[in-house]
Amino acid sequence: MQAEKRRDKYNYYLDIAQTVAERGTCLRRNYGAIIVKNDEIISTGYVGAPRGRANCSDIGRCIRQELKIPRGERYEMCRSVHAEANAIISASRRDMLGSTMYLVGMEKQSGEIVANSCCCSMCKRMVINAGIREVVFRDTPDEYRVVNVSEWVDNDESLAGEFGY
């Protein structure tokens, strides 16, 4: 009898992050984030309005969508808190030091994975300050990218004026 092939650990955690994304309330795209350290999930986060405020899915409109704002631009117009930020808010820095964040984005209309995604510049700063060591981004159901957060420190886009989302 041949042993059944197990899902690799990166995709295992990305699958969980993808399930977390399903709780998102954005009408455009939803992200799910989980923070893991020593094979223990420290916290989770998904896209949603701040506590007590109505979500876009509740009010049935997205300002950024109505204004046709492209992906990666004008996040100050968004009602939501990003998945990365919500995961960081829910954990202690002590627990996040040296951890890994897993991040999956899903298009709301098609349900497809958002390929080549990255954290926005504000979330990158929060990830750096949280002490997270690496971020794993899902590009397809089985493919992913691992980014060492020290690269974001060394390649500070705010100094070059280049914002690559």
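Matching residues to (1) within 16 Å of the chain's Cα centre (by Cα); (2) under 20 Å from K124 (Cβ atoms):
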residue	(1), (2)
Q2	no, no
C78	yes, yes
H82	yes, yes
M96	yes, yes
M106	yes, no
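Spot the failing condition for V104; the list is (1) in a loop (DSSP other than H, G, I, E, B); (2) closer than 22 Å to E73 by Cα, and only one is missed.
So V104 meets the others, but not (1).
Conditions (1) in contact with a helix residue (DSSP H, G or I) (Cβ under 6 Å, 6 or more places away or on another chain); (2) in a helix (DSSP H, G or I), marked per residue:
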{"site": "G98", "(1), (2)": "no, no"}
{"site": "C119", "(1), (2)": "yes, no"}
{"site": "M122", "(1), (2)": "no, yes"}
{"site": "I132", "(1), (2)": "yes, no"}
{"site": "F137", "(1), (2)": "no, no"}
{"site": "V147", "(1), (2)": "no, no"}
{"site": "S158", "(1), (2)": "no, yes"}
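Give region 126-165 a look and list any residue that's modelled with pLDDT under 90, open to solvent by less than 80 Å² (accessible area, probe 1.4 Å) and not polar (S, T, N, Q), or say none.
Selection gives D156, E157, A160, G161, G164.
Does region 62-84 include one or more residues that are within 11 Å of C26 (Cα to Cα), in contact (Cβ under 8 Å) with a residue 12 or more places away in the chain and acidic (D, E)?
No; the residues of region 62-84 include none that is within 11 Å of C26 (Cα to Cα), in contact (Cβ under 8 Å) with a residue 12 or more places away in the chain and acidic (D, E).
Conditions tested, residue by residue: (1) closer than 18 Å to S117 by Cβ; (2) open to solvent by less than 40 Å² (accessible area, probe 1.4 Å); (3) acidic (D, E); (4) in contact with a strand residue (DSSP E or B) (Cβ under 9 Å, 6 or more places away or on another chain).
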{"position": "M1", "(1), (2), (3), (4)": "no, no, no, no"}
{"position": "I16", "(1), (2), (3), (4)": "yes, no, no, yes"}
{"position": "G24", "(1), (2), (3), (4)": "yes, yes, no, yes"}
{"position": "N30", "(1), (2), (3), (4)": "yes, yes, no, yes"}
{"position": "V36", "(1), (2), (3), (4)": "no, yes, no, yes"}
{"position": "D39", "(1), (2), (3), (4)": "no, no, yes, no"}
{"position": "S43", "(1), (2), (3), (4)": "no, yes, no, yes"}
{"position": "P70", "(1), (2), (3), (4)": "yes, no, no, no"}
{"position": "A83", "(1), (2), (3), (4)": "yes, yes, no, yes"}
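Can you name every residue in region 45-68 that is of a type in the set (D, E, K, R) and open to solvent by 70 Å² or more (accessible area, probe 1.4 Å)? Lay out the reasoning, then the answer.
Going residue by residue through region 45-68, those that are of a type in the set (D, E, K, R) are 51, 53, 58, 61, 64, 66, 68.
R51, R53, D58, R61, E66, K68 - these are the residues of region 45-68 that are of a type in the set (D, E, K, R) and open to solvent by 70 Å² or more (accessible area, probe 1.4 Å).
The values are calculated or read from the model by the stated rules, or taken from the named source; none is laboratory data. As the structure is a computational prediction, the values presented were derived from the model and not from experiment. Here Cβ is always computed from backbone atoms with ideal geometry, including for glycine, and neighbour counts include all displayed protein chains. For accessibility, only protein heavy atoms count, side chains too; no ligands or nucleic acids. Shrake-Rupley method; radii C 1.70, N 1.55, O 1.52, S 1.80 Å.
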